[in-house]
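Notes to accompany the following structure.
The values are calculated or read from the model by the stated rules, or taken from the named source; none is laboratory data. On a predicted model such as this, the values are computed, not experimentally measured, just so you know. As a convention, Cβ positions derive from the backbone with ideal geometry for all residues, glycine included, and neighbour counts pool all protein chains shown.
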Amino acid sequence: MPKPGDRVVRHPRREEIGPVHLTVTARKVPSRALASPLLLIYAFATLIALGTMLLLLPFAHNGGGFTPFMVALFTATSAVTATGLVVEETAVYWTRVGQVFILGLMFVGGLGFMTIATFLLILIGQRVTLAQRLLVRQSLGVNQLGGLVRLTVGIVLFAVGIQLLGFVALFARFSFEYPLAEAIWQAAFHTVSGFNNAGFVVLKESGGLVNYVADGAILGIIAALCVIGALSFWVIVDIVRVRRFALFTLTTKLVLTFTIALIVIGALGFLGFEYENPATIGHMSLKDKIVSSIFHSVTGRTAGFATVDFGATEQQTNFFFTGLMFIGGASASVAGGIKINTFAVVVIAVLSTIRGRSHVAVFGRELPQAQIQRAMVIATVAIAFVFLVATLLTFSEEGFDFIALLFESVSSFGTVGLSTGLTPDLSSWGHAILVISMFFGRIGPLTLGLAMAQRTESDPYRFAEERVTIG
């Protein structure tokens, strides 16, 4: 209590309740919309809506009138999510203007809407706000806010630089096949499609890449672009700076190890299953069979480029590739799937449990239990989602083979784009289901992982432990 004669200084926000003086601190409550992974959903949904409106325009497709809404929505979603599934052949149905729209959607969708927007703000000298930094942080899957502007510039310059190199390489090859202007366009489109693991093809010849099944130069360049795009910026930087496997970060070690392992396993599986199939690679020489197997192992897991008709492949090949598509590429890359990082953590945790180890460790490093739980959750939710999509397709699309429906379901969720030729024949309900699957597959695993990371907290108490019977 103040004594008589004492000077009492009151805070402008001070409220008096009887003889007790309370100081109320004005605290700004952060917006849940700006601080949550829902920002990713808003950004991608906005980009898809914009792409749909552009593709609806009459001059975007060959023929009169506006583009059918589902065709425009499906194509825009496939381009933004870098999937490559199509309901109409890209080189035939869409005009050059429409193809330019698709190229732009692939480029922005692959790098991330806010990454591109932030880079443009920097170019015109505008200040990047806190809300924009939060969105960039969510889209890149990082924790820190400091240095995001420089990081964004680095990612964009890296992506553009790699695509320029790919463009030069493809142009050098396409210049022997097409006139100058067409060679430039073909090189530009397939470079963007390859690096962003989108799988769209605008080759003028009927059949697309099937006509280049024995062209090692084109297939090698596209495969290299797909691999670089699916490794992620962080892994590439680590490789360039360190150059020694022993000094790489654990993330880089896991991504490189499992990427190489999956490419080898995928190539051996494709070669073994399709070796005598005359409809795919059975008629080729041994060298061409090996080249084709490696190419499909690389692109079939992340991009969806194909030089054979997957509608003619063996069922065991398609089922085998559903597993590869489900895994996808590295975290923070342009590829989809549950990500190699997640798959690696799950595999290592399972192997450690089988070997009776109480802690999960790899390459001399122990993995945090929280990360193992997140990986298990992401994998489980993804399996449940794919099962749901495949089940819904069996209801909406009667008369189709279940393996084919499962293949399309995983291809859409993994944003791969491989198809048995089933997608154009689906009903509008089937197309709508695949649109949702592509959208969830592009942002779902990342959004789920970020949401779990934000909500991680120590339990104030624990219950008594009790064992249950297993096995």
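What the table below lists for this structure:
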read-out: Among the candidates Ile348, Ile354, Ile327, Ile338, residue that is in contact with a Lys or Arg (Cβ under 7 Å, 6 or more places away or on another chain), at pLDDT 90 or above and hydrophobic (A, V, I, L, M, F, W, C); value: Ile327
read-out: Where Ala187 falls short, out of the listed (1) crowded, with 20+ Cβ neighbours inside 10 Å; (2) within 17 Å of Thr302 (Cα to Cα); (3) hydrophobic (A, V, I, L, M, F, W, C); value: (2)
read-out: Qualifying residue in the range 240-248 (condition: modelled with pLDDT of 90 or more and touching a Ser or Thr at 6+ places or on another chain (Cβ under 6 Å)); value: no
read-out: Single residue of the range 361-372 satisfying the filter (over 13 Å from Ala344 (Cα atoms) and part of a helix (DSSP H, G or I)) that is modelled with the highest pLDDT; value: Gln369
read-out: Flag for Phe343 being assigned to a helix (DSSP H, G or I) and of a type outside the set (A, V, I, L, M); value: yes
read-out: Residues of the range 209-250 that turn out to be at positive phi and among the hydrophobic types (A, V, I, L, M, F, W, C), as a count; value: 0
read-out: Qualifying residue in the range 299-309 (condition: touching a helix residue (DSSP H, G or I) at 6+ places or on another chain (Cβ under 8 Å), under 29 Å from Ala390 (Cα atoms) and surrounded by fewer than 20 Cβ atoms within 10 Å (Cβ to Cβ)); value: yes
read-out: Meets criteria (closer than 30 Å to Ser428 by Cα and of a type in the set (Val, Ile, Thr)) for Val386; value: yes
read-out: Candidate set: the range 373-419, residues that are acidic (Asp, Glu) and either farther than 16 Å from Val87 by Cα or under 18 Å from the mean Cα position of the chain (by Cα) (or both); chosen: the one surrounded by the fewest Cβ atoms within 10 Å (Cβ to Cβ); value: Glu398
read-out: Which listed residue is closer than 24 Å to Lys289 by Cα and within 15 Å of the chain's Cα centre (by Cα), from Val227, Val192, Val210; value: Val227
read-out: Test: residue in the range 453-460 that is among the aliphatic types (A, V, I, L, M), surrounded by 12 or more Cβ atoms within 10 Å (Cβ to Cβ), under 21 Å from the mean Cα position of the chain (by Cα) and modelled with pLDDT under 90; value: yes
read-out: Of all residues in the range 350-360 being in a loop (DSSP other than H, G, I, E, B) and out of contact with any Leu (no Cβ under 7 Å at 6 or more places or on another chain), the one that is surrounded by the most Cβ atoms within 10 Å (Cβ to Cβ); value: Arg357
read-out: Residue match in the range 269-277 (condition: aliphatic (A, V, I, L, M) and touching a Phe, Trp or Tyr at 6+ places or on another chain (Cβ under 7 Å)); value: no
read-out: Residue match in the range 330-349 (condition: over 23 Å from the mean Cα position of the chain (by Cα) and surrounded by fewer than 22 Cβ atoms within 10 Å (Cβ to Cβ)); value: yes
read-out: Failed condition for Glu177, given (1) among the acidic types (Asp, Glu); (2) in a helix (DSSP H, G or I); (3) free of Cβ contacts under 8 Å to residues at least 12 places away in the same chain; value: (2)
read-out: Answer residue from the range 199-258, given it is among the small types (Gly, Ala, Ser) and not in a helix (DSSP H, G or I) and is nearest to Pro368 (Cα to Cα) among those; value: Ser232
read-out: The range 293-322: number of residues that are in a helix (DSSP H, G or I) and within 23 Å of Ile228 (Cα to Cα); value: 12
read-out: Answer residue from the range 417-430, given it is out of contact with any Ser or Thr (no Cβ under 6 Å at 6 or more places or on another chain) and hydrophobic (A, V, I, L, M, F, W, C) and is farthest from Ser333 (Cα to Cα) among those; value: Leu426
